[in-house]
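**Q** Provided herewith is a single structure, encoded as structure tokens, for subsequent inquiry.
The values are calculated or read from the model by the stated rules, or taken from the named source; none is laboratory data. In this text, all values refer to a predicted model and were calculated from it rather than measured experimentally. Note: ideal-geometry Cβ built from the backbone for every residue, glycine included; neighbour counts use all protein chains shown.
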Amino acid sequence: MVKAYIHDNKNDSDYRAPHNSGTELLLDELAKLGVIYRYCANEDEVNDIARERQYKNRDVVDIHKGSFKDKAQFNEKLAMFYKEHLHEDEEIRYCLEGTGYFDVRDASTPENWIRCLVEPGDLLILPPGIYHRFTLTTSNHIKALRLFKDEPKWQAINRSTQADSLPVRKDYISQIRRY
Ligand code: KMT
Ligand code: NI
């Protein structure tokens, strides 16, 4: 079961620490940001959602120190995931093993991050246009299924004034306002 809470915004160099401010969020508060959570006991249940939502492609990522050539490459990859970014497609992740943090920007208090701790069985859907970032927990391992509507679109668009003015970002903002 995903656990969502406001990130304490303190000491960001230690980004794998929990940073739990103590303010937890309910799933319907995540839904207001367009973030959808589902628990799937097994991959058959993931397949049902994939069929319903017409996700045609998938792959598996296994992120831990041993999956990179050296520590520098591992740190580089983590730094990339941790940079605030958006995508033009949904980001759909199903946690198979390990744990991870998906941080999404709050809409009402935009300097706040909402930290979502995922563990095995958790499926999280981030809507197109939401600013987010990812990091491991101190367990330093996640194996996750990445699902895609069509061809995998890898492009992460880092936060900038240019990204702010993209149609996907504007659409996202206007959808959030409707709540
Ligand atoms: C992303 O776009 O931030 C990611 O795909 C994170 C890695 S998935 C566990
Ligand atoms: Ni992303």
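**Q** What pairs can you find where one residue is in the stretch 144-166 and part of a strand (DSSP E or B), the other is among the small types (G, A, S), and their Cβ atoms are less than 9 Å apart, with a gap of 6+ or different chains?
**A** Listed by first residue and then by second, the contacts come to A144/G98; A144/G100; L147/A50; I157/A163.
**Q** Could you please let me know if I92 is among the aliphatic types (A, V, I, L, M), away from ligand 1 (no atom under 11 Å from the Cβ), touching a residue at least 40 places away in the same chain (Cβ under 8 Å) and farther than 20 Å from E24 by Cβ?
**A** no
**Q** Does D103 qualify as being at pLDDT below 95, in contact with a strand residue (DSSP E or B) (Cβ under 9 Å, 6 or more places away or on another chain) and within 26 Å of L25 (Cα to Cα)?
**A** In short, no.
Each row is one residue, and each column tells you yes or no for (1) touching a helix residue (DSSP H, G or I) at 6+ places or on another chain (Cβ under 6 Å); (2) within 11 Å of ligand 1 (Cβ to nearest atom); (3) free of Cβ contacts under 8 Å to residues at least 12 places away in the same chain; (4) more than 17 Å from G34 (Cβ to Cβ).
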| site | (1), (2), (3), (4) |
| --- | --- |
| N75 | no, no, yes, yes |
| K83 | no, yes, no, yes |
| H87 | no, yes, no, no |
| D103 | no, yes, no, no |
| G121 | no, no, no, yes |
| L124 | no, yes, no, no |
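**Q** How do the helices (runs of 4 or more DSSP H) wholly within the stretch 8-126 filter down when requiring 2 or more residues that are within 16 Å of ligand 2 (Cβ to nearest atom): which remain?
**A** 71-82
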